[in-house]
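Each remark here refers to the structure printed beneath this line.
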Amino acid sequence: HKVYLNGEYLPLSKARVSVLDRGFLFGDGVYEVIPAYHGKLFRLEAHLQRLENSLSNIRLGLSYSVEKWREILLPLVDETKDQYIYLQITRGVAPKRDHAFPTSAVPTVFAMCSDIQYFEGREVGVKAVTMDDNRWEMCHVKATTLLANILLRQQAIEQGCAEAILVKNGYVTEGAASNLFVVIDGELMTPAKSADILPGITRDVIIELAQANDIKVNENVISLEALQAADEIWVTSSTREIIPVVELDGQPVADGHPGPLWRKINELFQQYKQSVS
Ligand code: PMP
């Protein structure tokens, strides 16, 4: 099982990074998670565009072409399986621990590939719990600094839930590690892109598939009250795909089963995945 680290392919057990790496000391880095369905990198350009945006937001200068990334990533992938690539770039190893950017550090580039585990909650739905969104103000950056997300997700799990749905100033933003869709009065809605959410690639695909099938998507604010009254709630991400939420804060969502629009969009999504892999 080989991983990529700073220009080399080596066994996971041999991959080593200095304790002075700013990723280790500060969480000073960004990452991507890219599905690889039977060897095909899913929406690679979109993932790399988001990576470039993350890098420029944290002022980390590293610019590889799509072709260079493809060359780096493809050897990690097993074409017989559905997998995902985890790709991380940190500001590198500095001579000492200092908040200020180091003057001469070389970014650390790391990538590994793992099997996608089928998420059992997909067909039956999951429980979710609302929580105060106590993250920072650059949630559109896919930063490795995930302490708030980790604590929120862990609290959700300890309450028997699969995801925390985050609420900021009375409006829902996204999940601890997912985007959010709701169906209200037959209309599909998702919070608009802003610095309050990560612009999910799965979110983009769902919007495209819906629109191509004459299902209108309203990208707008969603209040906590609207969420509580929704007919359907979904949380979406690259590795879990589209997960119906059937219980919110201990109350059933509609009849407590995955809804008809989820069924339809999930089917379109599965077909689309097959068609590109
Ligand atoms: N929001 C957050 C906070 C996330 O961590 C993720 C990814 N796990 C997403 C949304 C979904 O993004 P994507 O569809 O690109 O995986």
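Where a number appears in this text, it was derived from the coordinates with a stated rule and is not lab data. Given the structure is predicted, the values throughout are model-derived calculations rather than measurements. Virtual Cβ from ideal backbone geometry, glycine too; neighbours counted across all protein chains shown.
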In whole Hz, the Karplus estimates of ³J(HN,Hα) for segment 184-198 (6.51, -1.76, 1.60; θ = phi - 60°; x where Gly or Pro) are 10, 6, x, 9, 7, 10, 8, x, 5, 5, 6, 6, 7, 9, 7
If amide H atoms are built 1.01 Å from N in the plane of the peptide, which residues on other chains or at least 5 residues away come under 5 Å of the amide H of Ile222?
Val172
How far is helix 201-212 tilted off the main Cα axis of the chain, in degrees rounded to 10, range 0 to 90?
40 degrees
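Among bridges DSSP assigns within segment 121-276, what percent are antiparallel (round to 5)?
Numbers: 20 of 31 bridges.
Of those bridges, close to 65 percent are antiparallel.
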From the phi of every residue in segment 28-43, what ³J(HN,Hα) in whole Hz does the Karplus formula 6.51 cos²θ - 1.76 cosθ + 1.60 yield, where θ is phi - 60° and glycine or proline is x?
8, x, 10, 8, 9, 10, 10, x, 10, 8, 6, x, 9, 6, 7, 6
What fraction of the DSSP beta bridges in the chain is antiparallel, stated in percent and rounded to the nearest 5?
80 percent
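Among Val183, Val253, Val66, what is the fewest-to-most ranking by other Cβ atoms within 10 Å? List each step's numbers first, then the result.
On the way: Val183 21, Val253 25, Val66 13.
Listed from fewest to most nearby Cβ atoms, that is Val66, Val183, Val253.
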For segment 18-23, just list the computed ³J(HN,Hα) in residue order, Karplus coefficients 6.51, -1.76 and 1.60, θ = phi - 60°, integers in Hz, with x standing in for Gly and Pro.
4, 5, 8, 4, 5, x
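Can you say what percent of the DSSP beta bridges in segment 1-137, counting only those with both residues inside, are antiparallel? Round to 5.
Counting DSSP beta bridges with both partners in segment 1-137, the antiparallel share is about 100 percent.
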For the charge dipole of the chain, defined by +1 on Lys and Arg C-beta atoms and -1 on Asp and Glu C-beta atoms about the Cα centroid, which residue among Gly27, Gln154, Val245 has the Cα displaced farthest towards the positive pole?
Gly27
State log₁₀ I(q)/I(0) for the chain at q = 0.15 Å⁻¹ as given by the Debye formula over alpha-carbon point scatterers of equal weight, solvent excluded.
-1.18
What lysines sit close enough to Lys273 to cross-link, taking a C-alpha to C-alpha distance under 19 Å and skipping anything fewer than 8 places away on the same chain?
Lys40, Lys81, Lys264
Using modelled backbone amide H atoms (1.01 Å from N, in-plane), which distant-in-sequence or interchain residues come within less than 5 Å of Glu241's amide H?
none
Starting from the amide H of Val3, placed 1.01 Å from N in the peptide plane, find each other amide H under 5 Å away whose residue is 5 or more places distant or on another chain.
Leu10, Leu12
Distance in nm between pseudo-label sites at Ser65 and Ala46 (7 Å out along the Cβ direction from Cα):
2.4 nm
Kindly express, to the nearest 10 degrees and within the range 0 to 90, the angle between helix 147-158's C-alpha long axis and the longest C-alpha principal axis of the chain.
40 degrees
